[in-house]
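Throughout, read-outs are computed from the coordinates displayed, never taken from laboratory work. Just so it is clear, the structure is predicted and the values come from calculations on it, not from any experiment. Cβ: placed from backbone, ideal geometry, glycine included. Neighbour counts: every protein chain shown.
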Amino acid sequence: MVAIDINCDMGESFGNYTMGRDEEVMPYITSANVAGGFHAGDPHVMRETVTLAEEHDVGVGIHPGLPDMMGFGRRTMDATPDEVRDYVVYQLGALMGFAEWADVDVQHVKPHGAMYSMLSESDEHARAVMEAVLEVDPDLIYLATDMNIYEVAQEYDDLDAVFEGYVDLDYRPDRTLIVEKEKAAADPDLVADRVVSIATRGEVEAVDGTTIDVPADSICIHGDAPNAVEVLETIHDRLESEEIELTRLDDLA
């Protein structure tokens, strides 16, 4: 049986500001990347998101970012490997506290925005984070957003790493993503086609029409897209017709 995980960034609201459509999207995903309070989120939102995930049997992971709430964690910062490591451990610890309170396990780690870019560009930063993850909990899964990070993760025999693909964004031929400043509505059928292609063949069509390898066991859907629920409903229908199983990360790794 072919299986795939659907993950989504969650818990990015804070104070009086609402980001994303967590309550609408949660029933359609299998893993939630919960903001840790640095780029978005706050303690109350973190608790609510963990509780919502538990209600829908969705796996919970930390989505740690750089301490840059005004820039939503997408601005470049000058941070040492040790500093980035500590940012991740701090946010992971916060999520673990709420997870223990809700009697759920934290299953994975997926860095956000500029932090992810930093880890992709610097093996030293990536290793510092991965080694810290192993020290905190060797059962945690590292969700690798690109092949550079995934290859570094392969250096650690004890680290479970899962490669992640994207279906509501376009890939360039070099497997980098085209990220628009404003999220437009995605074509549900096109996105569903991409999910099936990644799940069954480990490949997807790039923006120039070439076929590129995307050997992913988890795909990310952006829950703040205008038609995210319609996209997810179409994906579910397509997976059912193709007999592809939806499975949480902790059952895949």
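Here are a few things to note about the model shown:
- Dipole of the stretch 3-252, positive direction: furthest Cα of I178, I149, I212, with charges on the beta-carbon: I178
- Simple rule: put +1 on each Lys or Arg Cβ and -1 on each Asp or Glu Cβ in the chain, find the dipole, and look at A94, Y166, M115; the Cα lying farthest toward the positive end is M115.
- In sequence order, calculated HN-Hα J values of the stretch 247-253 (Karplus, 6.51, -1.76, 1.60; Hz; x Gly/Pro): 9, 5, 4, 5, 9, 9, 5
- Selected from I141, I198, I178 as most flexible by GNM, with the chain as the system and alpha-carbon contacts under 10 Å: I178
- Of the DSSP H helices in the chain, those with a Cα length along their own long axis of 15 Å or more and a mean Kyte-Doolittle hydropathy reaching -1.0 comprise 43-55, 81-101, 123-136, 188-201, 228-241.
- Charging the Cβ of each Asp and Glu at -1 and of each Lys and Arg at +1, and nothing else, the dipole of the stretch 156-253 about its Cα centre rounds to 320 debye.
- Charging the Cβ of each Asp and Glu at -1 and of each Lys and Arg at +1, and nothing else, the dipole of the chain about its Cα centre rounds to 700 debye.
- Karplus (6.51, -1.76, 1.60) ³J(HN,Hα), θ = phi - 60°, over the stretch 216-223, in Hz, Gly and Pro reported as x: 9, 9, 9, 10, 9, 10, 8, x
- Anisotropy class assigned to the chain is rounded, per the alpha carbon gyration tensor with a/c under the 1.5 cut-off.
- Residue among Q107, Q91, Q154 with the largest mean-square fluctuation in a Gaussian network model of the chain, springs linking Cα atoms under 10 Å: Q154
- Restricting the stretch 108-184 to GluC sites (Glu not before Pro) in coil, as DSSP defines it, with at most 10 other Cβ within 10 Å: E180, E182
- Karplus-derived HN-Hα couplings along the stretch 6-21 (A = 6.51, B = -1.76, C = 1.60, θ = phi - 60°), whole Hz, x at Gly and Pro: 10, 10, 8, 6, 9, x, 9, 7, 7, x, 8, 9, 9, 10, x, 10
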